[in-house]
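Please treat every number below as a calculation from the coordinates, not as lab data. Bear in mind that the values here come from a model prediction, so they are computed numbers and not experimental data. Heads up, the Cβs are rebuilt from the backbone with ideal geometry, glycines too, and the neighbour counts pull from every protein chain shown.
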Amino acid sequence: MIAVQVLALLSLLCSSLAAPEDWTSGVGNGNTTINQAIDYALAYVQIGRHRITALGTDDKPGRVPLNDGFDHARQLANASWRDVTTPNSDTLFSMAYVDLSHGPINITMPDMNGRYYSVAFMDMATNNVQVGGHRMTGTLQNTWVVVGPQWKDALPIASRVVQSPGND
């Protein structure tokens, strides 16, 4: 839904410009309206694309249901991989999409037996909200309670709470 809203915003911004030459002369300098819109919207569009692929649509089921599991990469990324940009090609990545509008979601990581792992809780703009894992919580089993921006009810004592700025 956010990707659709962002695309509509981009369309509106582009159509509000008088003529293509009004914005193409400034492309690349970072000061034009279109460049600012692209800088803002690109992450939303990319995550929106990946989200649709992972979760699917009413017409085409995805690989994993919303709020109910991770979409795991089963092989290492290579030069032909185009899902999302990865920081390296020797790590397997997993993603989970959540909807926090109906309440908190628990994310439990199993005992990692001393192995390194990292869990980045990100918003739809790909900003890290919080990062957990080996360095912060050790490698024993951990559970995080992810809550949306309006959640005010009590949570279990000693919960590792991740306060998300949005419901996605």
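As an exercise, identify the chymotrypsin sites (Phe, Trp or Tyr not before Pro) in the stretch 101-164 lying in DSSP coil whose Cβ has no more than 12 other Cβ atoms within 10 Å.
116
Tally Lys/Arg at +1 and Asp/Glu at -1 over every other residue whose Cβ is under 12 Å from the Cβ of residue 163; what's the total?
Within the 12 Å Cβ shell, the charges total +1.
As an exercise, identify the trypsin sites (Lys or Arg not before Pro) in the stretch 75-168 lying in DSSP coil whose Cβ has no more than 14 other Cβ atoms within 10 Å.
Passing both the DSSP loop test and the Cβ count: 82, 115, 152.
Compute the length gained on full extension between residue 33 and residue 67: take 0.36 nm times their separation in residues and subtract their Cα-Cα distance, giving the result in nm to one decimal.
On the way: separation 34, 0.36 × 34 = 12.24 nm, distance 3.60 nm.
So the chain would gain 8.6 nm between residue 33 and residue 67.
Counting only the backbone N, which residues of the stretch 62-78 are under 14 Å from the spot 7 Å out from the Cα of residue 129 toward its beta-carbon?
67
Would you please classify the overall shape of the stretch 98-168 from the alpha carbon gyration tensor, given that a ≥ b ≥ c denote the square roots of the eigenvalues, rounded means a/c under 1.5, and beyond that prolate means a/b larger than b/c while oblate covers the rest?
Oblate shape, in that a/c is at least 1.5 and b/c is the bigger or equal ratio.
Considering only the other residues whose Cβ falls under 15 Å of the Cβ of residue 67, what net charge follows from Lys and Arg at +1 and Asp and Glu at -1?
In short, -2.
Over the stretch 44-107, how many percent of alpha carbon pairs lie in each 10 Å bin up to the one with the longest distance?
P(r) over the stretch 44-107, rounded to whole percents: 19, 47, 30, 5.
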